[in-house]
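Participant: What follows is a single structure, and I will ask about it in a moment.
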Amino acid sequence: MIGMTGVTGKLGSYVADLIDQKGIASIHLARSPERAKVYASAEIRRMSYTNTPEVVEALKSIDTLLMVSARENPERVKEHKEFLDAAKLAGVQHIVYTSFYGADEKATFTLSRDHAQTEAYIKELGFTYTFLRDNFYADFFVDMCREYGEIKGPAGNGKVSIVVRSDVSEVVAKILENPKKWENQTLNMTGPEELTMNEIVKIVSEYFGKEIKYIDETVEEAYESRKIWKAEQWEYDSWVSTYTAIAQGEQSGISNDIEKVLGRKATSLSEYLEKL
């Protein structure tokens, strides 16, 4: 039996739709079951990223579990570990985990470190695994252009192989169709091109028919400009390191793993915009 977390979020809800369309029975796990879409093919169970008897019970009868990473917060690794402990107790065999491109405990992008620790713990507990390492979403940058009319951050001329979220959802659904085929593999989810911030805003400007600028800030300027939003220090660090990771070249590189799973090329930024 397949189990899925994140079914009320953007990526997970799309996966849930695709799995239902394929007629595959599944168990949907949600913090707020009342927010989850009801499918004839799916049972909804309440869960949280903890290790309690209730969570262990919710995870029972699940063989393959899609684990969409928990909400960003300082305790995320702790939450992930407790949830994985519960999954182990419940008898889950295979974890399909949405990780991050270049996940490393010393990564520039601060949240990448959470994913590296989670991957390590999944292996430590002896689960069969499939890690989907998503690069930054094209959707994120397009939404920023639409809302603010600009992108600003200390990315310099660094390149990033942004990926379309729906591509990743399709990959997840395909893997859940036949999890055994993808056992103990790490798949890199990137778009088909590497782009600088200037190249991204140029493509988006052409689509929207108006000029959108990239403002190349210093690190100090980036921290200062983000003070218009009230946030904790870890949040400021993650926002700014999104761009410094790109500047360092850590988000560059093109993978053909999406094509390997789906049998088609990953969606480019221009193709994504044409579908909006």
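The values are calculated or read from the model by the stated rules, or taken from the named source; none is laboratory data. Remember, predicted model here, so these are calculated numbers, not experimental data. Reconstructed Cβ throughout: ideal geometry from the backbone, glycine too, with neighbour counts over all protein chains shown. Side chains included, ligands, DNA and RNA excluded: accessible areas come from the protein's heavy atoms. Shrake-Rupley method; radii C 1.70, N 1.55, O 1.52, S 1.80 Å.
Participant: If I filter the range 251-266 for residues that are of a type in the set (A, V, I, L, M, F, W, C) and either modelled with pLDDT under 95 or assigned to a loop (DSSP other than H, G, I, E, B) (or both), do I get at least one hit? Please lay out each step first, then the result.
Facilitator: So the first thing to find is which residues in the range 251-266 are of a type in the set (A, V, I, L, M, F, W, C), and the list is 254, 258, 261-262, 266.
Filter once more, so that each one left must be either modelled with pLDDT under 95 or assigned to a loop (DSSP other than H, G, I, E, B) (or both): 254, 266.
Yes, the conditions are met somewhere in the range 251-266.
Participant: Does ILE254 satisfy the criteria of being under 30 Å from THR186 (Cβ atoms) and open to solvent by 20 Å² or more (accessible area, probe 1.4 Å)?
Facilitator: Working: under 30 Å from THR186 (Cβ atoms): yes; open to solvent by 20 Å² or more (accessible area, probe 1.4 Å): yes.
Against the criterion (under 30 Å from THR186 (Cβ atoms) and open to solvent by 20 Å² or more (accessible area, probe 1.4 Å)), ILE254 qualifies.
Participant: How many residues are out of contact with any Leu (no Cβ under 8 Å at 6 or more places or on another chain), touching a residue at least 24 places away in the same chain (Cβ under 8 Å), open to solvent by less than 60 Å² (accessible area, probe 1.4 Å) and closer than 22 Å to ILE215 by Cβ if we restrict to the range 142-188?
Facilitator: Adding up the residues that qualify gives 9.
Participant: Continuing with this model, one more query. Pick from the range 50-72 the residues that are within 24 Å of the chain's Cα centre (by Cα), open to solvent by 20 Å² or more (accessible area, probe 1.4 Å) and touching a residue at least 24 places away in the same chain (Cβ under 8 Å): which of them is nearest to LEU111 (Cα to Cα)?
Facilitator: We begin by selecting, within the range 50-72, every residue within 24 Å of the chain's Cα centre (by Cα); these are 50-51, 55, 58-59, 62-72.
Then drop every residue that is not open to solvent by 20 Å² or more (accessible area, probe 1.4 Å), which leaves 50-51, 63, 68-69, 71-72.
Pick out the ones that are also touching a residue at least 24 places away in the same chain (Cβ under 8 Å) and you get 50-51, 63, 68-69, 72.
Numbers: THR50: 20, ASN51: 22, ASP63: 28, VAL68: 14, SER69: 11, GLU72: 8 Å.
So the residue we want is GLU72.
Participant: Could I ask something else about it? Can you tell which of VAL56, VAL68, VAL77 is more than 24 Å from ARG113 (Cβ to Cβ) and in contact with a helix residue (DSSP H, G or I) (Cβ under 6 Å, 6 or more places away or on another chain)?
Facilitator: Among VAL56, VAL68, VAL77, only VAL56 is more than 24 Å from ARG113 (Cβ to Cβ) and in contact with a helix residue (DSSP H, G or I) (Cβ under 6 Å, 6 or more places away or on another chain).
Participant: What single numbered condition from (1) over 30 Å from LEU273 (Cα atoms); (2) crowded, with 18+ Cβ neighbours inside 10 Å; (3) acidic (Asp, Glu) fails to hold for ASP134?
Facilitator: For ASP134, the failing item is (1).
Participant: Here is a follow-up. Every residue in the range 207-230 that is open to solvent by less than 30 Å² (accessible area, probe 1.4 Å) and either without any contact (Cβ under 8 Å) to a residue 12 or more places away in the chain or part of a helix (DSSP H, G or I) (or both), please.
Facilitator: Correct list: ALA222, SER225, ARG226.
Participant: Quick one: which of VAL240, VAL204 is in a helix (DSSP H, G or I), more than 22 Å from SER112 (Cα to Cα) and not aromatic (Phe, Trp, Tyr)?
Facilitator: Exactly one of VAL240, VAL204 is in a helix (DSSP H, G or I), more than 22 Å from SER112 (Cα to Cα) and not aromatic (Phe, Trp, Tyr), namely VAL204.
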